[in-house]
Amino acid sequence: MTLSNSTAKVTLNDGNQLPYVGLGTWQSKENDAYKAVVAALKAGYRHIDTAAIYGNEEEVGRAIKDSGVRRSEIFVTTKLWGTQHRHPDDALNQSLERLGLDYVDLYLMHWPVPINDAQCKKDNNYLQIPMNEDGTRDLDLASWDFIKTWELMQALPKSKVKSIGVSNFSINNIKDLLASPGNKEVPVVNQVELHPLLPQFELVEFCKSKNIVVEAYSPLGSTGAPILELGTINEVSKKLAIPPANVVFSWLIQRKIVVLPKSVTESRIISNLQTMELPAEEFSKLNNISSEVGEKRSVKPNWTPFIPFV
Ligand code: NDP
């Protein structure tokens, strides 16, 4: 068994198909974002993950156009920022405008946390994190919640958004969403941090039981790829004679989890698309890493007083 480009797709609960590997673009700025997306599409990626708050939708959209790959072949995800939970229709139209696209394949609620938009209205800029004087984030929790946001997302026109989903939702958040009277659609995906130090076994099982596909963000532990320093990953990498990053991506896809590696380095973009089936022994070694060395979360913004992840 050797590495080969991953072309497999998973079928979502609404029938749409999502490629298992997508290019992440958080912290990919301007020209770097443009070049990364062009390189990825040239290498064979057909799935790009961005978000309004990443500030790179224009470059991502321009790269998609310039790549020469047909729009219908590419799965594009963007995300609703917290300051626009009360107006996802406006937010979606603005994202489409910046992307220069008629539709996105997937629109995600970025976090289950609404943010107060008073400052945004003053600045005419919704892509920010308004803060209180005491240094906390200015949240909009008194008269709004993610259940109301989801009701509005369900009403978005299917001509502009093919599928809708959530991100950073805990099991309890999903249970609350599905039990709410206004819920008609089960989110197609839940995009969460997931890697060998945060394997999310319980959340993955729960999502599977509800027919929700899990997408792994920060699969290398985010900036600087700390997961690639782990001893077990390097042992398996040597044994199988494949790079450490590909060990991680292969393990995730074998668990039927979509993986979103970010890179602005062309050689890494090309190699990150490659996966293989891991032998059972190596697969279980990766499963055991977090119980041996402890769990570690990389992305943990302070959403006080909202309590995330539980
Ligand atoms: P990743 O875990 O993908 O790691 C990115 C880092 O790994 C960068 O420093 C990159 O460097 C480096 N890297 C990439 N490939 C390799 C390789 N083969 N060998 C060595 N180093 C490598 O981090 P992200 O946090 O960016 O997560 C991925 C994507 O998930 C995001 O870009 C975004 O699309 C999504 N995401 C979603 C979130 C959400 O709230 N929904 C939160 C966080 C991420 P370089 O670029 O310099 O090559």
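The values are calculated or read from the model by the stated rules, or taken from the named source; none is laboratory data. Everything quoted here is computed from the prediction, not taken from an experiment. Positions of Cβ are backbone-derived with ideal geometry, glycine not excepted, and every protein chain shown enters the neighbour counts. The area values use the complete protein model at the heavy-atom level, side chains included, leaving out ligands, DNA and RNA. Shrake-Rupley method; radii C 1.70, N 1.55, O 1.52, S 1.80 Å.
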task: Select from region 133-191 the residues that are open to solvent by 40 Å² or more (accessible area, probe 1.4 Å) and closer than 19 Å to Phe75 by Cα and list them in ascending order.
output: Pro157, Lys158, Ser159, Lys160, Lys162
field: Count of region 256-274 residues which are near the ligand (Cβ under 10 Å from one of its atoms) and among the aliphatic types (A, V, I, L, M)
entry: 5
- request: Can you work out which of the residues in region 177-207 that are farther than 26 Å from Pro301 by Cα and free of Cβ contacts under 8 Å to residues at least 12 places away in the same chain is farthest from the chain's Cα centre (by Cα)?
  value: Pro181
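Take the conditions at pLDDT 95 or above and in contact with a helix residue (DSSP H, G or I) (Cβ under 6 Å, 6 or more places away or on another chain) and apply them to Gln84. Does it pass? Steps first, please.
Values: at pLDDT 95 or above: yes; in contact with a helix residue (DSSP H, G or I) (Cβ under 6 Å, 6 or more places away or on another chain): yes.
Yes, satisfied.
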message: Against the definition (charged (D, E, K, R), over 18 Å from the mean Cα position of the chain (by Cα) and under 19 Å from Thr2 (Cα atoms)), how does Lys238 come out, yes or no?
response: yes
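Every residue in region 275-310 that is polar (S, T, N, Q) and within 10 Å of the ligand (Cβ to nearest atom), please.
First, pick out the residues of region 275-310 that are polar (S, T, N, Q): 275, 284, 287-288, 290-291, 298, 302, 304.
Within region 275-310, just Ser298 meets the criteria.
Quick check, is Glu151 among the acidic types (Asp, Glu) and either closer than 21 Å to Ile174 by Cβ or in contact with a Leu (Cβ under 9 Å, 6 or more places away or on another chain) (or both)?
On the way: among the acidic types (Asp, Glu): yes; either closer than 21 Å to Ile174 by Cβ or in contact with a Leu (Cβ under 9 Å, 6 or more places away or on another chain) (or both): yes.
Here the answer is yes, as Glu151 does meet what is asked.
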Residues located in region 118-167, provided they are under 25 Å from the mean Cα position of the chain (by Cα), among the aliphatic types (A, V, I, L, M) and not in a loop (DSSP other than H, G, I, E, B): Met131, Leu139, Ile147, Leu152, Met153, Val161, Ile164, Val166
task: Select from region 1-33 the residues that are among the hydroxyl-bearing types (Ser, Thr, Tyr) and over 27 Å from Ser159 (Cβ atoms) and write down the one among them that is nearest to the ligand (Cβ to nearest atom).
output: Ser28
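So, in region 219-242, of the ones that are touching a residue at least 40 places away in the same chain (Cβ under 8 Å) and open to solvent by 50 Å² or more (accessible area, probe 1.4 Å), which residue ends up nearest to the ligand (Cβ to nearest atom)?
Among those residues, the one meeting the criterion is Thr223.
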task: Run down Ala216, Ala245 and say which single residue is under 18 Å from Ala40 (Cβ atoms), near the ligand (Cβ under 9 Å from one of its atoms) and surrounded by fewer than 23 Cβ atoms within 10 Å (Cβ to Cβ).
output: Ala245
query: Where residues in region 38-74 are acidic (Asp, Glu) and surrounded by fewer than 21 Cβ atoms within 10 Å (Cβ to Cβ), which of them is nearest to the ligand (Cβ to nearest atom)?
result: Glu58
field: Total residues in region 54-81, condition touching a residue at least 60 places away in the same chain (Cβ under 8 Å) and touching a helix residue (DSSP H, G or I) at 6+ places or on another chain (Cβ under 8 Å)
entry: 2
statement: Checked pairs for region 287-310, first surrounded by fewer than 13 Cβ atoms within 10 Å (Cβ to Cβ), second of a type in the set (Phe, Trp, Tyr), C-beta under 9 Å and 6 or more apart or across chains, list as Lys300/Phe309; Pro301/Trp111
- line: In the set Ile174, Ile233, the lone residue that is assigned to a helix (DSSP H, G or I) and over 17 Å from Asn287 (Cβ atoms) is Ile174
statement: Of the conditions (1) open to solvent by less than 10 Å² (accessible area, probe 1.4 Å); (2) under 18 Å from Gln191 (Cβ atoms), the single one that Trp111 does not satisfy is (1)
